[in-house]
1. Give Leu122, Leu68, Leu52, Leu89 a once-over and let me know the one that is crowded, with 20+ Cβ neighbours inside 10 Å and touching an Asp or Glu at 6+ places or on another chain (Cβ under 6 Å).
2. Taking the range 294-331 as the region of interest, how many residues are buried (at least 20 other Cβ atoms within 10 Å of the Cβ) and among the hydroxyl-bearing types (Ser, Thr, Tyr)?
3. With Ala211, Ala206, Ala246 as the choices, which residue is open to solvent by less than 10 Å² (accessible area, probe 1.4 Å), touching a strand residue (DSSP E or B) at 6+ places or on another chain (Cβ under 6 Å) and part of a helix (DSSP H, G or I)?
4. Filter the range 265-287 for residues that are surrounded by fewer than 20 Cβ atoms within 10 Å (Cβ to Cβ) and touching an Asp or Glu at 6+ places or on another chain (Cβ under 9 Å) and give the result.
5. Identify all residues within the range 1-17 that are open to solvent by less than 60 Å² (accessible area, probe 1.4 Å) and touching a helix residue (DSSP H, G or I) at 6+ places or on another chain (Cβ under 6 Å); write none if there are none.
6. Look through Arg62, Arg74, Arg47 and report the one residue that is open to solvent by 60 Å² or more (accessible area, probe 1.4 Å) and over 31 Å from the mean Cα position of the chain (by Cα).
7. Please state which of the following conditions Ile133 fails to meet, knowing it meets all the rest: (1) more than 25 Å from the chain's Cα centre (by Cα); (2) open to solvent by 20 Å² or more (accessible area, probe 1.4 Å); (3) not small (Gly, Ala, Ser).
8. Can you find, within the range 167-180, the residue that is surrounded by the most Cβ atoms within 10 Å (Cβ to Cβ) among those that are touching a residue at least 24 places away in the same chain (Cβ under 8 Å) and touching a Leu at 6+ places or on another chain (Cβ under 9 Å)?
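The values are calculated or read from the model by the stated rules, or taken from the named source; none is laboratory data. Predicted, not measured: the structure shown is a model, and the values here were computed from it. Please note: Cβ atoms are built from the backbone with ideal geometry, for glycine as well, and neighbour counts cover all protein chains shown. Note: accessible area is taken over every heavy atom of the protein model, side chains too, but ligands, DNA and RNA are not part of it. Shrake-Rupley method; radii C 1.70, N 1.55, O 1.52, S 1.80 Å.
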Amino acid sequence: MLARVWSASIVGIDAVKVGVEVDVSGGLPGIIVLGLPDSAVQESKERVKATLKNAGFAFPMRKIVINLTPADLRKEGPSFDLPISVGILAASEQINADLLGDYLFLGEVSLDGSLRPVAGVLPIAATAQKMGITGLVVPADNAQEAAVVKGLAVYGCKTLAEVVDLLNNPGSSKPVQIDNAVVTVSVSYPSADLHDVKGQAHARRALEIAAAGGHNLIFVGPPGSGKTMLARRLSGILPPLEFTEALEVTRIHSVAGLLKNRGTLVRDRPFRSPHHSASGPSLVGGGSFPRPGEISLSHRGVLFLDELTEFKRDVLEFLRQPLEDGYVTISRTKQSVVFPAQFTLVASTNPCPCGYYGDTIQQCTCSPRQREQYWAKLSGPLMDRIDLQVAVNRLKPEEITQQPTGESSIIVRERVQQARDRTISRFQTEPNLRCNAQMQSSHLQKWCKLDDGSRYLLEAAIKKLGLSARASDRILKVARTIADLAGEDALQAHHVAEAIQYRTIDRML
């Protein structure tokens, strides 16, 4: 007998509907799996066989052919265990097969018949809802996650026996109901507060501008000047994720298997800090079956690269396209996937190999040639894409001993939120724009018009610093954010002047 069960496979952060066809016929006993299964799917043959026996069902000692469609799509992971089990039971007439077409099945089975959670349930649930699937059957631990998608009946089962009971006795099980408060994005504040930072008013101001406009930022200074401490406090002043943004971030983390609390959206903006030994694929994503890398896991959040010049130059060059386009394309022989990557890059580095070039206390021991080679790791095109370049000096003795006097993250975050609200109000006709850093040339012409004084300042900076067109555009974006923080609609000369002085490295080089 032939039975067909619906399941799904992850491609990028999207899902593709997969048909699991099971045919039980005469012949030598055995299981054949077709349709480009990976090793995990091949192993499900023995897993399912033991599971059915231990769960009290009869395993047909006949020839079983399992075909996963479409045949040209690579199938991977243990999530096909449950649909294969249901298909064998339906093909051997042990369960009612009348309702199989209404459900999509997903889950890993244990040898004792219990169901284990799998990754990528949220994007699969969203795809199932769009395809008109009325019910989604998943392990109980995945039920809350899938129920975030509205308009889809989600059934969470702890064992294979519960799945069989659902099919044989329609109406005996009720779909999972999720409280709206569970998925509401709440505001939380990290323990690292900006109030703890002593002095460094210039760097604190740069953090506020970066948070308000989504601008990329780099701190340059000697060891112990507080670069890392400052960078780690950026996430505390960023505005909370909106619901649609939280849904995007949660889908990425679901595919990567990083959801800590299944059934709740990722509520805080991501903050990722890979080590400088990270490879290119770990940063941008990749693998035989492409998975999101650090830049996609930082989507709508912060990617912090500490000791930037210690990263390999070719690895850093991978960042150029995502920083410009907001997404990364991973191409393989048989498929190409696109991962979103709209993140704020925050980096820190020493000014030279010894770390003390320009320091007022300790003398630099590096030669000009060594400093030149040190900065050669950072290409001009990459530095053009960093809007705010800030020199951080060591604190004076009296600043070290005094009590912190700066504003707390909560107060700064309120100003950042007000600036973002002004930005979103201005971008009402541009739904794809969420912050000033995402503006293109056409938007600059519309919302960053310069008066004669501002234009003279910018032209002088371009000539003096040898800025590229991209760098000058980013000065305008920063100036627009400074004006938003001040609550002003028109750009003025002092907005442009402040934005120009955040090109520290351009002046240094």
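1. Numbers: Leu68 fails: touching an Asp or Glu at 6+ places or on another chain (Cβ under 6 Å); Leu52 fails: touching an Asp or Glu at 6+ places or on another chain (Cβ under 6 Å); Leu89 fails: touching an Asp or Glu at 6+ places or on another chain (Cβ under 6 Å).
Just a single option satisfies the conditions, and that option is Leu122.
2. 3
3. Working: Ala211 fails: touching a strand residue (DSSP E or B) at 6+ places or on another chain (Cβ under 6 Å); Ala246 fails: touching a strand residue (DSSP E or B) at 6+ places or on another chain (Cβ under 6 Å).
On inspection, the qualifying residue turns out to be Ala206.
4. Arg272, Ser273, His275, His276, Ser277, Ala278, Gly280, Ser282
5. Residues satisfying the conditions are Ala3, Val5, Ser7, Ala8, Ile10, Ile13, Ala15.
6. Numbers: Arg74 fails: over 31 Å from the mean Cα position of the chain (by Cα); Arg47 fails: open to solvent by 60 Å² or more (accessible area, probe 1.4 Å).
Going through Arg62, Arg74, Arg47 in turn, the sole match is Arg62.
7. Only one criterion is unmet by Ile133, namely (2).
8. Filtering the range 167-180 for residues touching a residue at least 24 places away in the same chain (Cβ under 8 Å) gives 167-168, 170, 175-178.
If we keep only those that are touching a Leu at 6+ places or on another chain (Cβ under 9 Å) as well, we get 167, 170, 175.
Numbers: Leu167: 22, Pro170: 12, Pro175: 16.
For the range 167-180, the residue satisfying everything is Leu167.
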